[in-house]
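Q: After the structure tokens below, expect a handful of questions from me.
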Amino acid sequence: MYTTNYANTFIAVAPDSTASVGTKPPEKSKRTIASWMFTLLYNHPYKYTSDDLIFEVFAARTDIPKQRLGTARTAYFSKPKACLRTSDLTKKYGWGIHADEQSRIALYAVESKEYEDFVSGRRTDSTGKPVSTTFAMRSKR
């Protein structure tokens, strides 16, 4: 089974992003993936792993019945999936994503002190080592 989870890692906003502040994705008639992810992460920081979040959004958008969630999740992750480095939250809307030691994730706005602490290496894990930082994927080649 494949995974998209990171541990002790901060995904910083893409280098080519024009976002200077973290903004909520706009609401549209059909909810976007970024809108679903934002709502879940903003309201429940460190509740979900990347895998949990990605599958929950997939399941909600495709109306998978509750009794089939277990088998659907196994089938979904039987093939590689894109990680949160490709999310519009990190590429377009100005949000960094921190994965803690248990791979649970939370959002941090690009203008926040916490975001600056992560990207500068001042934020550490429970052992005192700096949290590793990676950037979201660029939107343009």
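The values are calculated or read from the model by the stated rules, or taken from the named source; none is laboratory data. The shown structure was predicted, so the numbers you read here are calculated from the model rather than taken from an experiment. Note that we place each Cβ from the backbone using ideal geometry, even for glycine, and neighbour counts take in every protein chain shown.
Okay, residues lined up against (1) among the charged types (D, E, K, R); (2) under 10 Å from the mean Cα position of the chain (by Cα):
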position: Pro26; (1), (2): no, no
position: Ala34; (1), (2): no, yes
position: Lys47; (1), (2): yes, no
position: Ser50; (1), (2): no, yes
position: Ala72; (1), (2): no, no
position: Ala75; (1), (2): no, no
position: Cys83; (1), (2): no, yes
position: Thr90; (1), (2): no, yes
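Q: Let me ask something else about it. Can you tell me which of Tyr2, Tyr48, Tyr42 is at pLDDT below 95 and closer than 25 Å to Val131 by Cα?
A: Tyr2
Q: Could you please tell me which pairs satisfy a Cβ distance under 8 Å, a separation of 6+ or placement on different chains, a first residue in segment 119-141 that is within 15 Å of Ala7 (Cα to Cα), and a second residue that is among the small types (Gly, Ala, Ser) and outside any loop (DSSP other than H, G, I, E, B)?
A: Hits for this filter: Thr133/Ala12; Thr134/Ala12; Phe135/Ala12.
Q: Name the residues in segment 80-108 that are over 13 Å from Val131 (Cβ atoms), touching a helix residue (DSSP H, G or I) at 6+ places or on another chain (Cβ under 6 Å) and not in a helix (DSSP H, G or I), would you?
A: Listed by number, the residues that qualify are Trp95, Leu107.
Q: Let me ask you something else. Has segment 51-67 got any residue that is aromatic (Phe, Trp, Tyr) and part of a loop (DSSP other than H, G, I, E, B)?
A: No; the residues of segment 51-67 include none that is aromatic (Phe, Trp, Tyr) and part of a loop (DSSP other than H, G, I, E, B).
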